[in-house]
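Engineer: Have a look at this one.
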Amino acid sequence: MTQFVSPDTLRARFSAAMSAMYRAEVPLYGELLDIVASVNARSGGAATHDGGRLGEERHGAIRVGTAAELRAMRRFFGVMDMEPVDYYDLSVAGVPVHSTAFRPITAGGMDANPFRMFCSLLRLELIEDAALRDRAADILEARQICSTRLMELIAKAEETGGLAPGDADAFLEEGLNVFRWHDTARVDAQTYGELHDAHRLIADVVSFAGPHINHLTPRTLDIDAAQAEMIARNIDAKDQIEGPPRRACPILLRQTSFKALSETVSFGGDDAGAHTARFGEIEQRGAALTPKGRALYDECLADARAAGGDYEAALRESFARFPDDLDAMREEALAFFRDGHPVTYEDFLPVSAAGIFQSNLGAETSSGHGEAGSARDAFEDALGMAVHDPFALYRAGADDAP
């Protein structure tokens, strides 16, 4: 009887290999890992109820250009028991993509290895110039991000229920190649410039051989300390941390990053230029909120964003009405709990994701991309399935969930 490598093992090996590859490609990512390890050690990381997963925890982010590429990614991550959870519309913040996150959908799967991949699909319809839109579509149609061998292995895993050790090794090697950085563009310098002028992210998605990993994010227990350490080391960090303010009882997700690196790119022949897209991010995760808690969070965030002036002060003031006590959060049904502990939030925040993207693609948001509106049906059609409802997943793994 064939012995298959478990999806949890595949996922753990892939996450470790991705981390090693990105560390080699972006050495500053290695410095982030050192900062996070040091902060977590000072914060008592070994004693957290997440057990041993903290030091292995990562999430990555990629951007694909077509429905076929998105569907291929769904099948690839599916071999590792990673399924699409939630729909994120980033166009409302001037970023012409919509997204989902591939991750395990059970508490056991997350505990075994909590690797996630935030995957964005370019919304070509948001390119205003019709001729440029058609040219971008033709460029994307002509590329194949997954090798024939990888697609064969994915199909084999789907048909037989898994992969034997030899096939698993090949699957991981071929899969890693999808996300490597290529310093030679697939377009000439003029086309790159036109795509870049439409939106930097469009140039990033269309111009290269595949969906290179654009950041890989370790998890810290104290993001304020990690941010201070980045600044102390003269790392070009974001001006502010995305997400809720610092709290005694963390909720949802807080994120910061160092700004995107300028990397040399060849456009064929003697033409060379620079491309800015890849950066380093750190996250701190807190309690998953119930629909009631999320509604209160959204109200507090909206009030802070509308206040003007000192945003961080406005954020602290607006969140003063969100209880910062676990007993109160449980009594008021604001967060999910399991065995007396708050359930960890495993997903993402669209406003925070857009903030990270904007700070690393340039401060401007291209006119003509904002307020495009949700296209969830189109995204799920491209994906080939409906995304999972995160509230249903949290409710399934919580005690006495509302």
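Engineer: Looking only at the range 188-198, count how many residues are open to solvent by less than 10 Å² (accessible area, probe 1.4 Å) and not in a helix (DSSP H, G or I). Give the derivation first.
Structural biologist: Applying the first criterion (open to solvent by less than 10 Å² (accessible area, probe 1.4 Å)) to the range 188-198 yields 195.
Applying the additional criterion that residues be not in a helix (DSSP H, G or I) yields none.
The number of residues fulfilling the criteria is 0.
Engineer: Out of (1) touching a residue at least 40 places away in the same chain (Cβ under 8 Å); (2) assigned to a helix (DSSP H, G or I); (3) charged (D, E, K, R), the odd one out for residue 156 is which?
Structural biologist: Looking at each condition in turn, residue 156 falls short on (1).
Engineer: When you go through (1) without any contact (Cβ under 8 Å) to a residue 60 or more places away in the chain; (2) over 30 Å from residue 194 (Cβ atoms) one by one for residue 165, which number turns out not to apply?
Structural biologist: (1)
Engineer: Do you know which residues across the range 316-337 are of a type in the set (A, V, I, L, M, F, W, C) and either open to solvent by 70 Å² or more (accessible area, probe 1.4 Å) or modelled with pLDDT under 95 (or both)?
Structural biologist: 320
Engineer: From the residues in the range 345-398 that are hydrophobic (A, V, I, L, M, F, W, C), under 17 Å from the mean Cα position of the chain (by Cα) and not in a helix (DSSP H, G or I), which one is modelled with the highest pLDDT?
Structural biologist: Filtering first and then ranking leaves 387.
Engineer: Please state which of the following conditions residue 114 fails to meet, knowing it meets all the rest: (1) part of a loop (DSSP other than H, G, I, E, B); (2) within 16 Å of the chain's Cα centre (by Cα); (3) surrounded by fewer than 21 Cβ atoms within 10 Å (Cβ to Cβ).
Structural biologist: (3)
Engineer: Still on this model: Might you let me know whether the range 298-307 holds any residue that is among the small types (Gly, Ala, Ser), open to solvent by 80 Å² or more (accessible area, probe 1.4 Å) and more than 28 Å from residue 219 (Cα to Cα)?
Structural biologist: Taking every residue of the range 298-307 in turn, at least one turns out to be among the small types (Gly, Ala, Ser), open to solvent by 80 Å² or more (accessible area, probe 1.4 Å) and more than 28 Å from residue 219 (Cα to Cα).
Engineer: Could you list, in sequence order, all residues of the range 230-239 that are open to solvent by 20 Å² or more (accessible area, probe 1.4 Å) and part of a helix (DSSP H, G or I)?
Structural biologist: Of everything in the range 230-239, those that are open to solvent by 20 Å² or more (accessible area, probe 1.4 Å) and part of a helix (DSSP H, G or I) turn out to be 231, 232.
Engineer: Still on this structure: Six or more apart or on different chains, Cβ atoms under 9 Å: show the pairs whose first residue is in the range 205-229 and closer than 18 Å to residue 348 by Cα and part of a loop (DSSP other than H, G, I, E, B) and whose second is open to solvent by less than 10 Å² (accessible area, probe 1.4 Å) and of a type in the set (S, T, N, Q).
Structural biologist: 214/360
The values are calculated or read from the model by the stated rules, or taken from the named source; none is laboratory data. Since we're looking at a predicted model, the values are computed, not measured. All Cβ positions, even for glycine, are placed from backbone atoms using ideal geometry, and neighbour counts span all protein chains on display. Just the protein is used for accessible areas: all its heavy atoms, side chains included, with ligands, DNA and RNA removed. Shrake-Rupley method; radii C 1.70, N 1.55, O 1.52, S 1.80 Å.
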